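J.: Dumping the structure here so I can ask a few things about it.
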Amino acid sequence: MNEQHNPWTVLSEEEKYINPWIQIIEYKVLNPSGGPGIYGKVHFKNKAIGVIVLDEELNTWLVGQYRFVLNQYSWEIPEGGGTSSETPLETAKRELLEETGLKAEHWRELQHMHLSNSVSDEFGILFLATGLTQHAAEPEETEQLVVKKVPFEEAYQMVNQNIITDSLSVAAILKVKLMLLNGEISS
């Protein structure tokens, strides 16, 4: 199989829904075996940007909020949507300040991710922020956030215990854990 060859044939496409953040498109297709079918795609207009922070004592900051779509409370790293008018790093800096009041001197891009590639084209970028200073948080009016500083190991255990389930947060925490184990980050 050629990895570059697309085995799907698109016969038609129709926009089913659009708002400022997402667009839903339905495709009539021929699947890889040649049979007819439909495929739906959720197109995200922004990039998903996540920031994991570490201080000198290996503490990190988590943001808790009630997630409407899940109908449950969620603990996460600071994260948000990045528009095409700002770079992913600018988004990361903005989101970190908005949600936690933190500014960071050092930034490192950690990971690129497709968050649910069977139904969506949502793309995420993770950053590690260090060299932290505390300022006033600037949350958006639609956010009711709880911010807590925890030892990184506690956040890692929250992933292992399925308390943290947000994909950007899980990926960032596991990536930093691996980097700590490999000596890529000083402990």
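Where a number appears in this text, it was derived from the coordinates with a stated rule and is not lab data. For clarity, every value in this text was computed on a predicted model and none was experimentally measured. Cβ atoms come from the backbone with ideal geometry, glycine included; neighbour counts cover every protein chain shown.
J.: K47: which lysines have alpha carbons under 16 Å from its alpha carbon, excluding same-chain residues fewer than 8 sequence positions away?
T.: Here the lysines satisfying the reach criterion relative to K47 are K93.
J.: Under the definition of Cα pairs under 8 Å and six or more residues apart, what whole-number percent is the relative contact order of the chain? Write down the numbers at each step before the final one.
T.: Details: 371 pairs, mean separation 39.4, N = 187.
Dividing the mean separation by the residue count of the chain yields 21 percent.
J.: Continuing with this model, one more query. May I ask you to evaluate 6.51 cos²θ - 1.76 cosθ + 1.60, the Karplus curve with θ = phi - 60°, for each residue of the stretch 95-111 and list the ³J(HN,Hα) values in order in whole Hz, giving x for glycine and proline?
T.: Computed from phi, the couplings for the stretch 95-111 are 5, 4, 5, 4, 8, 10, x, 8, 10, 10, 7, 10, 10, 9, 6, 9, 7 Hz.
J.: If you don't mind, there's one more thing I want to ask. Find the Rg to Rh ratio for the stretch 16-125, where Rh is the Kirkwood radius over alpha-carbon pairs and Rg uses the same atoms. Please report the intermediate quantities before stating the final value.
T.: Working: Rg = 17.4 Å, Rh = 16.2 Å.
Ratio value, two decimals: 1.07.
J.: To the nearest 20 debye, what charge dipole does the chain have about its Cα centre, counting +1 at the Cβ of each Lys and Arg and -1 at the Cβ of each Asp and Glu?
T.: Numbers: 14 positive and 27 negative charges, 81 e Å.
The dipole of the chain has a size of about 380 debye.
J.: Could you pull out every residue, at least 5 positions away or on a different chain, whose amide H is within less than 5 Å of the one on S120? Hs are placed 1.01 Å off N in the peptide plane, and Pro or chain starts have none.
T.: Residues meeting the criterion, in which the H sits 1.01 Å from N, are V42.
J.: Which Rg and Dmax, in Å, describe the Cα atoms of the chain?
T.: According to the Cα coordinates of the chain, Rg and Dmax are 18.9, 58 Å.
J.: If you find the alpha carbon centre of the stretch 76-90 and of the stretch 101-135, how far apart are they in angstrom?
T.: Spelled out, the Cα-based centre of one part sits 8 Å from the other.
J.: Along the charge dipole of the chain, pointing to its positive end and built from +1/-1 on Cβ of Lys, Arg, Asp and Glu, which listed residue (N19, Q161, S186) has its Cα farthest out?
T.: The Cα lying farthest towards the positive end belongs to Q161.
J.: Please give the calculated 222 nm ellipticity per residue for the chain, where each DSSP H segment of at least 4 residues contributes -39500 (n - 2.57) and the sum is spread over every residue; nearest 500 deg cm²/dmol? Present the calculation step by step, with values, prior to reporting the outcome.
T.: Values: 3 runs with 37 residues, N = 187.
Helix-only estimate at 222 nm: -6000 deg cm²/dmol.
J.: Turning to a different aspect of this structure: Mind listing the phi-derived Karplus ³J(HN,Hα) values for the stretch 152-166, rounded to whole Hz, using 6.51, -1.76 and 1.60 with θ = phi - 60°, and x for any glycine or proline?
T.: With coefficients 6.51, -1.76 and 1.60, one gets 3, 4, 5, 4, 4, 5, 5, 5, 4, 8, 6, 7, 9, 10, 4 Hz.
J.: Collect residues whose amide H, placed 1.01 Å from N in the peptide plane, falls under 5 Å from the amide H of H114; neighbours closer than 5 in sequence don't count.
T.: Distant-sequence amide H within range of H114: G124.
J.: Go through the stretch 1-55 and name the GluC sites (Glu not before Pro) that are in a DSSP coil and have 15 or fewer other Cβ atoms within 10 Å of their Cβ.
T.: Within the stretch 1-55, the qualifying GluC sites (Glu not before Pro) (loop, at most 15 other Cβ atoms within 10 Å) are E3.
J.: Output the pairs from K16/K148; K41/K149; K41/K175 with a Cα-Cα distance over 31 Å in this structure; if there are none, say none. Present the calculation step by step, with values, prior to reporting the outcome.
T.: Working: K16/K148 40 Å; K41/K149 37 Å; K41/K175 28 Å.
Among K16/K148; K41/K149; K41/K175, the Cα-Cα distance tops 31 Å for K16/K148; K41/K149.
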